[in-house]
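First the structure, in the form of structure tokens, and then the observations on it.
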Amino acid sequence: MAPRAVFVGAPGAGKSTIGAAVAELLDVPFADADTIIEERAGKPIPEIFIDDGEEAFRALERDVIASALSGFDGVLALGGGAILHDGTRKLLTEHTVVYLSVELSDAVKRVGLGAGRPLLNLNPRATLKFLLDQRRPLYAEVATHTVATDGREPAEIAAEVARLLGDPATAP
């Protein structure tokens, strides 16, 4: 059992929104690793960062992702920083990974001032630019497919991804 597709990308790329839409098109379940982490920890991610620290969050994130990659058969969205860990990137090489790319201007519009995103609390625009620059090569490294999301509607993106995944119902 393995996910039909795993979504990666920066904050604001649309991983949860597009992932859920693709899951619906493919008639499979959807899971968001961040939601699973919050359920397992019993608190929201910002509280995990404050109470336990980023390293504790990242350890929990690695465990959740490894479990989902081996036992979930739907569409899985990962948090933006999940690809920072070498072990996670290695696990992703065995899966169909969709990298949703987003440029800084669209990402800023989508994430706003970073409410609920611990790494974007201080100077969100500069931090987001840094994260994009740092992580883009890692997203590209694990990607089976790369889909640009800038200036596009979720339904259009989801249909493109479903086609890339070989869903005949979404073919033009």
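Which residue, of L76, L84, L69, is surrounded by 19 or more Cβ atoms within 10 Å (Cβ to Cβ) and closer than 25 Å to D150 by Cβ?
L76 is the lone residue from the list that is surrounded by 19 or more Cβ atoms within 10 Å (Cβ to Cβ) and closer than 25 Å to D150 by Cβ.
Restricting attention to helices (runs of 4 or more DSSP H) lying wholly within the range 1-95, give those where 1 or more residues are within 19 Å of E141 (Cα to Cα).
Working: elements: 15-26, 33-41, 45-52, 54-71, 86-92.
Output list reads 15-26, 54-71, 86-92.
Just to be sure, is D27 within 17 Å of the chain's Cα centre (by Cα) and open to solvent by 40 Å² or more (accessible area, probe 1.4 Å)? Lay out the reasoning, then the answer.
Numbers: within 17 Å of the chain's Cα centre (by Cα): no; open to solvent by 40 Å² or more (accessible area, probe 1.4 Å): yes.
For D27, the condition - within 17 Å of the chain's Cα centre (by Cα) and open to solvent by 40 Å² or more (accessible area, probe 1.4 Å) - is not met.
Pull out all pairs, ordered by first then second residue, where Cβ-Cβ is under 7 Å, the residues are six or more apart or on different chains, the first lies in the range 132-149 and is open to solvent by 70 Å² or more (accessible area, probe 1.4 Å), and the second is among the polar types (S, T, N, Q).
T144/T96; T146/S101
Looking at the structure I just gave you, is G71 at pLDDT below 95 and closer than 21 Å to Q134 by Cα?
Here the answer is no, as G71 does not meet what is asked.
The values are calculated or read from the model by the stated rules, or taken from the named source; none is laboratory data. Just so it is clear, the model here is predicted, and its values are computed rather than measured. Every residue, glycine among them, receives a Cβ derived from its backbone with ideal geometry; neighbour counts consider all protein chains shown. Accessible surface areas use protein heavy atoms only, side chains included; no ligands, DNA or RNA. Shrake-Rupley method; radii C 1.70, N 1.55, O 1.52, S 1.80 Å.
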